[in-house]
Every structure is written in C-alpha cells, then in structure tokens.
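Each remark here refers to the structure printed beneath this line.
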Amino acid sequence: MSQTSASAAREILKRLHDVMAARTPAQAKLNSVVQIIGEALNSEVCSIYLLRDGVLELYATRGLKQEAVHVTKLALGEGLVGTIAEAVETLNLDEATSHPNFAYKPETGEELYHSFAGVPIVRRERAVGVLAVQHAEPRRYEEVEIEALQTVAMVLAELIAGAGLIDGLGTTGRGTRDTGPLRLSGLKLVEGMGRGFAVYHQPRVVVEHTVAEDTEAERHRVYSAFAKMREQIDKMMREAEFGTAGEHHDVLATYKMFAYDEGWGRRINEAIDSGLTAEAAIERVQQRTRMRMREIDDPLLADRMHDLEDLSNRLLRIVAGQLGTAAQMGLRQDSILIARNLGPAELLEYDKRRLKGVILEEGSLTAHVTIVARALGIPVLGRVSDVRRTVADGDPLLLDVTQGVAFVRPTPPMEEAFEAKQALSQKRRAEFAAMRDLPPISVDGRRIALMVNAGLRDDVAALDVTGADGIGLFRTEFQFLVSATLPQRERQQRLYRDVLDVAGDRPVVFRTVDIGGDKALPYMDHAPQQEENPAMGWRALRLALERDALMKAQARALLEAAAGRTLNVMFPMVSEPWEFDQAQKLFDAQRAWISSRNRMLPTQIRYGTMLEVPALAEVLDILLPKIDFLSIGTNDLTQFLFAADRANPKLAERFDWLSPAILRFLRRVVVQCDDANVPVGVCGEMGGRTLEAMALLGLGIERLSITPAAVGPVKAMIRSLDLSRLRPKMAEWLALPPENMRTTLREWAEAEGVAIS
Ligand code: PEP
Ligand code: MG
C-alpha cells in the first residue's frame, strides 16, 4: 500500500473506529459508515449490500433513494453488486452501464450516476456483502481509493459479523447457504470410504479485530511473528531431511524465500500504518496478493501463490497465538482432515477413532504418510488441487476413495447413494473376513505366502484379523519416527519382543532402520546435513554402517528380543554385496558379545536384503550365495528405475508399475533367485493391488508382503487364479509387450474370471 493510500485509509479508519466503539445499533453504525466513506472518497453515493437469506440486500446508502433500503435485492451473480459478490472480485468502472452484467434498479434512482467501484466484503474467504461507491462524473477510481475501500471492507466484515447481520456467521462456523454441493476428484491413495466434517490440519484464523488501538504495538507483534516464523521454517528444513515433516523440500525452500522477503514484510507494515491490527494487515496483504495473482494465468506462479498463502496463514496463526494443529486441539467426532500435505508423524498424532479420512492437495502413492495411513486403515484422497479453496471448516463431506471422489456439502440423493455403496463394501469386507482361515492357494494348487507389512505396535493385531502367514516387512524406523527422542535399546527390544510374542510361530522379518534423507534425526546430536537428493543420499544402511552405534544397539535389541526363537533380519538399501557383508559382520559381533555373557541367543538367524537399488540386480550372482532371502522393495526400486521421485506429487501418476520395463526387470531377478534357490518376495505397495499382485505371481513370485487391508482382496484374487495359464501368457507379453500392459492384464483377468478389485 502506498503512502497515499495508507493515509487515505488511516483517515477513514480513525473515524470508523469511533463509530464501531459507539453503543449504537448496527443499522445506525452502517448509516454512519456510508456517510464517512462517501465523504472521504468524495463520492455522491456509497452503499452497503449484505448477504441475507442468500440474496444481497441494500442495507445502507448515502446518495441512493432511502426507500430502496431493505427493498432492493440482488441475487448472487445479478447486476454489478451480485457479480462482485459471486466472483469475490473488485470492479472499477467509469461507465457502469457499459458492463454486460449491469442491472437497472429503478427504485434506487441510480441512473444519475456513471462511475462505479465496488469491493467484496469478505469473511472466511467468501463474500458476505459488497461495499460500493458511485459518482456522477464518469471517472475511474484511483488505485489508492480502491485500496482504501478494500481496507474498509475488512473492517466492515468485522462490524457486521459482530452484529450478526449476515447469513450464518456465528462464531462456530460459516453458513453454507450460499454454497452448494460439489464433487471433487483426486488420486486414490488409500482406498476406503469415510463420512465426516472437514477439519483443517492447520486451522485457519478468523480475524476478529481489524482496527488497531496502538499501531506501534501491532508493528512489534508482526516483527516478532516474523522472527518466530523464520525459526520454524529453518527447523522444518532440518526435519525434512529426516522425512517427518509433511512438506516437500522444494516447498520449504520457497517458504524460506518468502519468509525472508523484505517486500512482504514492508507491505504488512504499510497496512498497519493505515490503522489495521497485525492480523488484519496480514490478511489484507494476502487478499491483495490473491487478487493480483488471479489476473495472472501462470501455473507456476499459482504454485508459488499456494506457498505464500500457507505462509501467510502460518504468520497469522503465530500472531493470533493459535499455533497448534487440529490434532493438538482435539478432533471432533467423525472428522475428515484437510491438508496440503502431511508427514507420517503428523498423521500419527491424530486420534484414529475420530479420523474418518484425509484429503490432501498433494500426496503420492508411496509417500510414507500414505503407507502409515494405509496401515491405520484411514482412507486418503490425494492431489485434490483446490480442496482448500472449496471446502470450509465444518463442511459435511462424503469421501469415497474407491471412486477417487469426495462429495462436499452433499445432497440427500448423494448421501443415499453413498450409504448404499458403503453397505455393499461392508458386505464385501465381511466376505473377505470370512476367507480369513482359507489358505491363499491358486486354482492350480500353488500355495502363495501372503504376509503383512507392519511397523507400529498396533499393526501386529492385523496378523490375527487377516489370517496372514506372518510379517514380511516390519519397518523398525516407524518407532523412531513417532518418538520425540531416540528410542533406547531397551525400548526397541521391548517392541520387538512384543511383536514376536503376538506372532508366535509365524515369521516376522525385521528390517533394520531405514531413516530417510540425511539421517540427522532431530534428536541426534550431529549437525544436520543438507542433501540435494535425500532419497539417494546418506540413508538406511549407508548411514547405519558409518554411524554404527545405532545399528549395534538395534542388533543387540533384535538378537536379545529373539532369544530362543528364529530371528529374520533384513537390510534396506543394499547397493553392493560388501554392504551386506559388513552389516552381517556387525550382527555377528553382537551375537558373539551376547554369547560371551552366556545369555540366550536366537536359535537361528536368517539374513536377507532388500532389493531397492537397481545396481544390486547386476551383482546378484555374488550376493545370493550369502543370503537367506531377498525381498524386493518396489517403492524405492521403481523410483530409481524410472528416475522419478516417489514423493513428488507431480510424478505420482506418470509411471505405471505394470510397465514392461519393471516387469522384465523383476522377471530377471526372479529367475536368478530361483536358480540360486533363494526365496524371493515383494514387499512394496505394488503387491497390495490385485492386478499388480496377479502380474507378480505371473512373473514367478510366490511371496508377497502387503498392507493388511489388501490381504482379503489379494487372497480372493489368488484363489480365483490359474497360475499355470497365466505364466505362459506373461512370458509372451514380456517378450513382445502389448501396447498397454495394464489393459491387457485386466482383460485377461476378466476373461478368466479372476477376482480383481
Ligand atoms: C520399498 O521401498 O518398496 C519398501 C518396501 O520400503 P519403504 O517403502 O519403507 O521405503
Ligand atoms: Mg524402501
């Protein structure tokens, strides 16, 4: 805001302050407001329209005929005023009648006036009214005047909300009368259905006080909020390396750029100069940027705009002292969480009995938050680009991730259809549950090992619920991820022992920690490292072998937890055979130490590696004689094969697991393992999808470790599949790939009566 507009606004706000403080009825206040603004802007007409019962009603005017007050009404989208409210946009016209939407209202006597400027009165991001000025001389209002009007509109929003003059604007939520039902579609991240009310992960601040009492104090509040925000961003950048924060590194880098941008701070300060509170000033600048950006049609800029909005909201929350996430504030019953993105640790903070689903603006299929949500059985719809623009806090939602859609503010027919579908899916779940004790045997008699992936203590219960053969991947880093401090050896050991106790005779494969990115855990004392490519960085075994205190403690915990039983241990991200040798040597040394103390050891230790790094496939002949089993981690493997970051939402839908490149690669690995007589399985998310699982079986894989919710559908697929018919077909398709492998596989499954869901 320039100096002149700041001073114009300051003059008006000073006078408005007295009006607002006076103990007069709301109508009298509005009457005074139109006088003040009309005079200040030298306009013959100044009018206020408010949204009442879904229509815009003339509430106060200077210059138009007084008989029109409470009589003139316009629908949303009708006339200039309706257009402003509907589009939440400013209009500035030197000749009002030239606008295609101009609607003449004879009772107002407005035919005398030529020029027209109007701004929306916005509350909780929707227009609740319009403030308009008109002038007899055809002239365009100047930028400074428009800005002053916009500032005043913010103050008006406070005044009219406080007086309860507009639709459904109580303190608990926003009215929904002016917004209809909506269908949003997105990417199916975790399938399932859920019904509840929208809750923002980072609750929005509603600015309650707009006119400042003490400008200096407001300036100081903004100053300290900026300092705090910068501190937070720097901390998030450090945590992002560990993978616990929800935000992608690029987003954080942009946050940082804006957080240190002087122009932004200066504009907020200027808004404070005009007489606004810190909160109102931040929002005012945010609104103005939003309007400017709307005029520029550039997707890249739109992305940056999201970043700036996020940061503005963060700054607002800091100033308003509303720092917690919805998790920390306590969820209401039946909530559907809305966020741009989430980290696994952030998701785990929520009470999962109350959380019925998650809608993300970003997200990808193999991001850790998706894996955690899948483990918890919480449906997640991702890549819903405008969810935060179209859904308000408290809006009723129906989430149907099996279809990839969410219904916002649903109509009764939408609800009925949803209920019918939910009943059907419950019936199917009951059918799968009834299969719990049936073995996963194919039609031609092949017994497939069907195991589950786990990582949280609660996951282990899934063994009994699903009737799985064991835990094929226990992600030990989850314990590290959800802890505020480094889990000590005793705590690790207790978890491992509990898991083995529940599993009983069923095998559990413990994977040693796979900490993502630069492994600077926030609670570890070495300096954080900045890595350009954390997925390809100093992670998993690479870190563990170098900083071996962590790995030694874990080895001891595992060996002691499995005393008197079989221990299956697996190393992540092995790229070359020597890494396996070294890891095994470390375990051996720990075993010798325990033995030297005459403590009980596992009866048997089986060592395996994950195949996630493509290079390892080239040296399998060297590795296979050393190991007891191999487990293919398709999540990482495919990101490296395709050179496509698994956490990058822009690439989430680009590559298909059923591409010939991947299938051929996997087939070569299977053949080598079979020749060397080493059991091979798949533990990536790919195996939990029925069509993909069928393809894997077709390649010769007979061990799958999948998310618990997929056990029923995958078992049903196996029990309806004749492998002796699929395998020769698969060999043909690999030799000469069809144009679309996915379609070909689906059509084959359909023709053969294989249960694909
Ligand atoms: C994988 O990479 O496929 C895998 C199972 O490990 P994670 O998803 O934990 O990286
Ligand atoms: Mg992996």
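Per-residue Karplus couplings for the stretch 64-81, computed as 6.51 cos²θ - 1.76 cosθ + 1.60 with θ equal to phi - 60°, are listed in order as 7, 5, 5, 4, 6, 4, 6, 10, 6, 9, 10, 6, 4, x, 9, x, 5, 5 Hz, Gly and Pro entered as x. Karplus-derived 3J(HN,Hα) values for the stretch 564-580, using 6.51 cos²θ - 1.76 cosθ + 1.60 with θ = phi - 60°, are x, 9, 7, 10, 9, 10, 9, 9, x, 6, 6, 10, 9, x, 5, 5, 5 Hz; glycine and proline are entered as x. Taking amide H as placed 1.01 Å from N in the peptide plane, the amide H of residue 451 sits under 5 Å from that of 469, 704, 705, 706, each at least 5 places away or on another chain. Just so you know, the Cα atoms of the stretch 3-162 work out to an Rg and Dmax of 14.2, 42 Å. Relative to the globular-protein estimate of 2.2 N^0.38 Å, the Cα radius of gyration of the stretch 634-757 stands at 1.02. Taking Cβ atoms as reference points and 14 Å as the exclusive limit, the residues near residue 602 contribute a net charge of +3, counting Lys and Arg as +1 and Asp and Glu as -1. Sequence-ordered 3J(HN,Hα) estimates for the stretch 736-747 from the Karplus curve with 6.51, -1.76 and 1.60 and θ = phi - 60° stand at 9, x, x, 4, 10, 4, 4, 5, 4, 5, 5, 5 Hz, glycine and proline given as x. Per-residue ellipticity at 222 nm from helix content only, as computed over the chain with -39500 (n - 2.57) for each DSSP H run of at least four residues, stands at -14000 deg cm²/dmol. Three semi-axes describe the equivalent ellipsoid of the stretch 380-476; taken as square roots of 5 times the Cα gyration tensor eigenvalues and ordered largest first, they are 35, 19, 12 Å.
Heavy-atom accessible area with a 1.4 Å probe sorts 53, 94, largest first, into 53, 94.
Computed from Cα atoms, the angle from the helix 3-21 axis to the main principal axis of the chain rounds to 80 degrees.
Comparing Cα centroids, the stretch 428-465 and the stretch 177-227 end up 41 angstrom apart.
Residues whose amide H lies under 5 Å from that of residue 611, counting only those 5 or more places away or on a different chain, are 631, 632, 633; hydrogens are built 1.01 Å from N in the peptide plane. Between residue 654 and residue 98, the C-beta separation translates, for a Förster distance of 41 Å, into a calculated FRET efficiency of about 0.30.
In terms of overall dimensions, the stretch 439-752 has a Cα radius of gyration and Dmax of 19.6, 62 angstrom. The peptide list 321-333, 402-414, put in order of mean Cβ contacts within 10 Å with the highest first, becomes 402-414, 321-333.
Taking the square root of 5 times each eigenvalue of the Cα gyration tensor, what semi-axes in Å does the equivalent ellipsoid of the stretch 669-723 have, largest first?
After scaling each eigenvalue by five and taking roots: 20, 12, 8 Å.
Kirkwood analysis of the chain, using all unique Cα-Cα pairs, places the hydrodynamic radius at 29.2 Å. Put a dot 7 Å past the Cα of residue 230, heading toward its Cβ, do the same for residue 431, and the two dots end up 6.1 nm apart. Peptide packing: for 206-216, 356-366, the average count of neighbouring Cβ atoms within 10 Å per residue gives the ranking 356-366, 206-216, highest mean first.
In whole percent, how big is the carbon plus sulfur part of the accessible area of the chain, probe 1.4 Å, protein atoms only?
Values: 15750 of 31460 Å².
It is 50 percent, rounded to a whole number.
In a fully extended conformation the segment linking residue 17 and residue 599 would gain 201.7 nm over its present Cα-Cα distance, using 0.36 nm per residue. Solvent exposure of the chain, expressed per residue, is 42 Å² of accessible area, with all protein chains present and a 1.4 angstrom probe.
Helix 299-320 and the longest principal axis of the C-alpha atoms of the chain enclose an angle of approximately 80°. Simple point charges give the picture: +1 on the Cβ of Lys and Arg, -1 on the Cβ of Asp and Glu, and for the chain a dipole about the Cα centre of about 2500 debye. For residue 71, nonlocal amide neighbours, meaning residues 5 or more places apart or on other chains whose placed amide H falls under 5 Å from its own, are 58.
Measuring how big the stretch 65-104 is from its alpha-carbon positions, Rg and Dmax come out at 10.8, 28 Å.
Heavy atoms only, 1.4 Å probe, whole protein assembly: order 757, 224 by accessible area, highest first.
Per-residue accessible area, sorted high to low, gives 757, 224.
Out of every Cα-Cα pair that the stretch 559-659 contains, those further apart than 15 angstrom amount to 67 percent. Extension gain for residue 671-residue 506 works out to 56.7 nm (0.36 nm per residue, less the C-alpha to C-alpha distance). Solvent-accessible surface of protein heavy atoms, probed at 1.4 angstrom with all chains present, puts 603, 566 in the order 603, 566, largest first.
The values are calculated or read from the model by the stated rules, or taken from the named source; none is laboratory data. Here the structure is a predicted model, which is why all the values come from computation and not from measurement. Positions of Cβ are backbone-derived with ideal geometry, glycine not excepted, and every protein chain shown enters the neighbour counts. Please note that ligands, DNA and RNA were not included when accessible areas were found on the heavy atoms of the full protein model with its side chains. Shrake-Rupley method; radii C 1.70, N 1.55, O 1.52, S 1.80 Å.
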